[in-house]
1. Could you compute the FRET efficiency for Leu193 and Val68, with r as their C-beta to C-beta distance and R0 at 30 Å, rounded to 0.05?
2. Could you tell me the calculated FRET efficiency between Ser96 and Ile251, based on Cβ-Cβ distance and R0 = 30 angstrom, to the nearest 0.05?
3. So I have (1) 53, 43, 29; (2) 53, 33, 29; (3) 79, 54, 34, and one of them is Cα extents along the principal axes in Å calculated from this model. Which one is it?
4. In a GNM of the chain with a 10 Å cut-off on Cα contacts, which of Gly218, Gly71, Gly173 has the highest mean-square fluctuation?
5. So what J values fall out for region 172-180 if you push phi through Karplus, 6.51 cos²θ - 1.76 cosθ + 1.60 with θ = phi - 60°, rounded to Hz, Gly and Pro as x?
6. Relative contact order of region 125-253, please, whole-number percent, based on alpha carbon pairs below 8 angstrom and at least 6 residues apart.
7. Could you point to the residue in Val159, Tyr187, Ser172 farthest towards the positive end of region 113-189's charge dipole, with +1 and -1 charges on the Cβ of Lys/Arg and Asp/Glu respectively?
8. Determine the gain in length on full extension of the stretch Phe45-Asn116; use 0.36 nm per residue of separation and subtract their C-alpha separation, reporting nm with one decimal.
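What follows draws every value from the coordinates through simple rules; no lab data is involved. Given the structure is predicted, the values throughout are model-derived calculations rather than measurements. Neighbour counts are summed over all protein chains in view; Cβ atoms, including those assigned to glycine, are modelled from backbone coordinates with ideal geometry.
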Amino acid sequence: MKLSRQITALTIILLLPVMARADWERSISAWDTRLPNKGKIQTSFWGNSSKSEIGNLDLTDTGGMLEVAYGISDKWTAYIAPSFDSWDLEGGGAESGLSDTTLQTTYRFRDEAVNNFDLAVTGDLSIPTGNDNKTLGTGNYEPGAKLFASKKFGSVIAVANLSLKTILGADSGEKSYILGAVAEGVYPLNDKLSLNAAVSASTARTDGADSLLDLGLGARYNVKDNMFVGGMLYKCLTDAYDLGVQVAAGIQF
């Protein structure tokens, strides 16, 4: 059960690769290159739920992440993101509580306004604040990095990233690293509403587990210039999980 729960935890993490930044952030599933301006604070909440099977039992995993971002400069941003998790295995128990916390910083070194495309890099560290014995966290310190880019092609905005996460002190049966990739297309219907489609993939966290490959379809709505809501539905093409849903809201101060 523990190894299966780690697979599900990875799925939840991959369903939350983006912590949104109101109308400056255009994507839902892929890291975007839009950053808050210097001195601005942006807060966003992302909630998710996924369903999978362990043997003949249904597992429901629900979680969320609260992110607070601060613009150190117009190109450099720092973040802190605590999370929580709740799981319920049919006939096999349930737990809920604080999960792991992520510290992160992003620097954009190519700007679309000047270079016709955006290019940025992120460094992050996942801190094991969740209870590993209750399968609410990974139990490991996990540093990682992402390289991501965005570019407009006519009316469509393409956003993509490549990621590497290392697992320090990996347990027996766990991999020492995870590779991931996300690509997303954003089609603005007007200045407030967009349709978003994404594909995500990653290597498995544990030996013998399925790698992740899923498709997502969603929408994003800018309620005001400094406020957004959005969400996406996911279908996994492997046995990592079955179906997933993500909802989000954010505001800038």
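1. Here the calculated transfer efficiency is 0.70.
2. Details: r = 26 Å, r/R0 = 0.86.
So the FRET efficiency works out to roughly 0.70.
3. Matching entry in (1) 53, 43, 29; (2) 53, 33, 29; (3) 79, 54, 34: (2).
4. It is Gly173.
5. So the Karplus estimates, Gly and Pro as x, are 4, x, 9, 6, 8, 7, 10, 9, x Hz.
6. This gives 14 percent for region 125-253.
7. Highest projection toward the positive end goes to Tyr187.
8. On the way: separation 71, 0.36 × 71 = 25.56 nm, distance 3.05 nm.
Here the answer is 22.5 nm.
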